[in-house]
Amino acid sequence: MGRSVAHALPPARLPAGIEILRPHNMLAAALGVVAGYVAAGGAGAAPILWPAILTALATGAGNIINDYFDLPIDSVNKPGRPLPSGRIGTGPALVLYGALSAIVTAAALMVLPAAVAAVIVAWEAALFAYARVLKRTWVVGNVAVAAISCSVFLAGAIVAGRPGAALVPMAIAFSFVMCREIVKGGEDVEGDRAAGVRTFAAVAGRPRTARAAACAMLAVAAAIPTPAVAGVYSMRYFLVMEALVAPALIVGALAVVRRPERDVFARVSRLLKLSMFAGILAITLGP
């Protein structure tokens, strides 16, 4: 009896006002800034604290506005999210977005070096543009997400005074995020088509998307040892990438090709999200 009652209970959820921020994405963004800082030779926690915090908050605000514009899509693809489920209204969500954006912009301009503040303000604008316009443009939206995501390493490297040191981690992150964007498109075909969003998957269909995603994942898995082989990064980077990230990419590639269905794309998307944290760790250990 106890088991049946427990099974009937709804899954535990974060409060809607927190869940809509997607804290795991905020954490990944903040850790990416820290990784870029460390990889560029930065030392000490104080210089990177505010950039990491404000990057996390900007990411949370971007997630809110993305969910606002994606409401018709998420009503089909992800009805359990805070907005389509009705756990938070569009009005309160927009108020939260506006408040966070204002706080991030004001704080960035007041406490950060001008170059870092410019990057964070540019993120805010880019995240809004992606949610409002770019997402609905074939391939451009995927490239925009990858470019925004990988630029967190640039912010950290700027704080460390060596922006050029961000090139390697940015290239790795851009390639990885592009793989995940293709996979996410395979998961979200129905809602994207209903809303007229022209992702690669919505245009090409799941079987061709599976083949494209598999090729991309295998190519990235083959390429990620290059910084260590070339002597740019250490053996620690190589070991973490080869133990945790490359296997996830290979497993994901095999899974979507074998069964190019929505639930498989969803599982692979979650696998890639988890391995993203391993990739950030590898870059932090890279120098």
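The values are calculated or read from the model by the stated rules, or taken from the named source; none is laboratory data. Here the structure is a predicted model, which means the values were calculated and not measured. Here the Cβ positions follow ideal geometry from the backbone for every residue, glycine too, while neighbour counts run over all protein chains shown.
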Item to check | Scan of segment 134-145 for residues that are surrounded by fewer than 21 Cβ atoms within 10 Å (Cβ to Cβ) and either touching a residue at least 24 places away in the same chain (Cβ under 8 Å) or outside any helix (DSSP H, G or I) (or both), ordered by number | outcome: Arg136, Thr137, Trp138, Val139, Val143
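Taking Arg236 as the residue in question, decide whether it is in contact with a helix residue (DSSP H, G or I) (Cβ under 9 Å, 6 or more places away or on another chain) and either within 29 Å of Gly164 (Cβ to Cβ) or buried (at least 20 other Cβ atoms within 10 Å of the Cβ) (or both). Quick ask: steps written out before the conclusion?
On the way: in contact with a helix residue (DSSP H, G or I) (Cβ under 9 Å, 6 or more places away or on another chain): yes; either within 29 Å of Gly164 (Cβ to Cβ) or buried (at least 20 other Cβ atoms within 10 Å of the Cβ) (or both): yes.
It is true that Arg236 is in contact with a helix residue (DSSP H, G or I) (Cβ under 9 Å, 6 or more places away or on another chain) and either within 29 Å of Gly164 (Cβ to Cβ) or buried (at least 20 other Cβ atoms within 10 Å of the Cβ) (or both).
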Next on the checklist: Filter segment 108-120 down to the residues that are in contact (Cβ under 8 Å) with a residue 12 or more places away in the chain, surrounded by 14 or more Cβ atoms within 10 Å (Cβ to Cβ) and within 23 Å of the chain's Cα centre (by Cα) and list them by number.
Outcome noted: Ala108, Val116, Val119, Ile120
Item to check | Enumeration of residues in segment 43-92 that are farther than 27 Å from Ala122 by Cα and among the hydroxyl-bearing types (Ser, Thr, Tyr) | outcome: Ser75, Ser85
Next on the checklist: Tell me which helices (runs of 4 or more DSSP H) are completely within segment 13-102 and hold 2 or more residues being among the aliphatic types (A, V, I, L, M) and more than 20 Å from the chain's Cα centre (by Cα), or say none if there are none.
Outcome noted: 46-69
Checklist entry - Picking from Val189, Val229, Val203, which residue would you name as being touching a helix residue (DSSP H, G or I) at 6+ places or on another chain (Cβ under 6 Å) and of a type in the set (A, V, I, L, M, F, W, C)? => result Val189
Checklist entry - Quick one: how many residues across segment 254-275 are without any contact (Cβ under 8 Å) to a residue 60 or more places away in the chain, part of a helix (DSSP H, G or I) and either charged (D, E, K, R) or over 13 Å from Phe176 (Cα atoms) (or both)? => result 8
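Could you grab me the full set of residues in segment 75-122 that are touching a Gly at 6+ places or on another chain (Cβ under 7 Å) and modelled with pLDDT under 95? Talk me through it step by step, then tell me what you get.
Keep residues of segment 75-122 that are touching a Gly at 6+ places or on another chain (Cβ under 7 Å), which gives 76-77, 88, 96, 100.
Scanning segment 75-122 gives Val76, Asn77.
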Checklist entry - Taking segment 183-198, which residues are in a helix (DSSP H, G or I), at pLDDT below 95 and crowded, with 18+ Cβ neighbours inside 10 Å? => result Lys184, Gly185, Gly186, Glu187, Val189, Gly191, Asp192
Checklist entry - Are any of the residues in segment 219-227 under 30 Å from Pro79 (Cβ atoms) and surrounded by 21 or more Cβ atoms within 10 Å (Cβ to Cβ)? => result no
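Of a type outside the set (Asp, Glu), surrounded by fewer than 22 Cβ atoms within 10 Å (Cβ to Cβ), within 30 Å of Val232 (Cβ to Cβ) and at pLDDT below 95: does that describe Ala43? Full working, then the answer.
On the way: of a type outside the set (Asp, Glu): yes; surrounded by fewer than 22 Cβ atoms within 10 Å (Cβ to Cβ): yes; within 30 Å of Val232 (Cβ to Cβ): yes; at pLDDT below 95: yes.
Considered against the rule, which asks whether it is of a type outside the set (Asp, Glu), surrounded by fewer than 22 Cβ atoms within 10 Å (Cβ to Cβ), within 30 Å of Val232 (Cβ to Cβ) and at pLDDT below 95, Ala43 comes out as yes.
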Checklist entry - Applying the selection to segment 222-242, what residues are hydrophobic (A, V, I, L, M, F, W, C) and within 10 Å of Pro287 (Cα to Cα)? => result Ala228, Val232, Met235
Next on the checklist: Looking at (1) in a helix (DSSP H, G or I); (2) touching a Ser or Thr at 6+ places or on another chain (Cβ under 9 Å), which one does Val232 not meet, given that it meets all the others?
Outcome noted: (1)
Checklist entry - For Ala131, are the conditions met, namely being modelled with pLDDT under 95 and surrounded by fewer than 20 Cβ atoms within 10 Å (Cβ to Cβ)? => result no
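Scan Ala219, Ala201, Ala171 and give me the residue that is assigned to a helix (DSSP H, G or I) and within 20 Å of Pro287 (Cα to Cα).
Working: Ala219 fails: within 20 Å of Pro287 (Cα to Cα); Ala201 fails: within 20 Å of Pro287 (Cα to Cα).
Step by step, each of Ala219, Ala201, Ala171 is checked, and only Ala171 is assigned to a helix (DSSP H, G or I) and within 20 Å of Pro287 (Cα to Cα).
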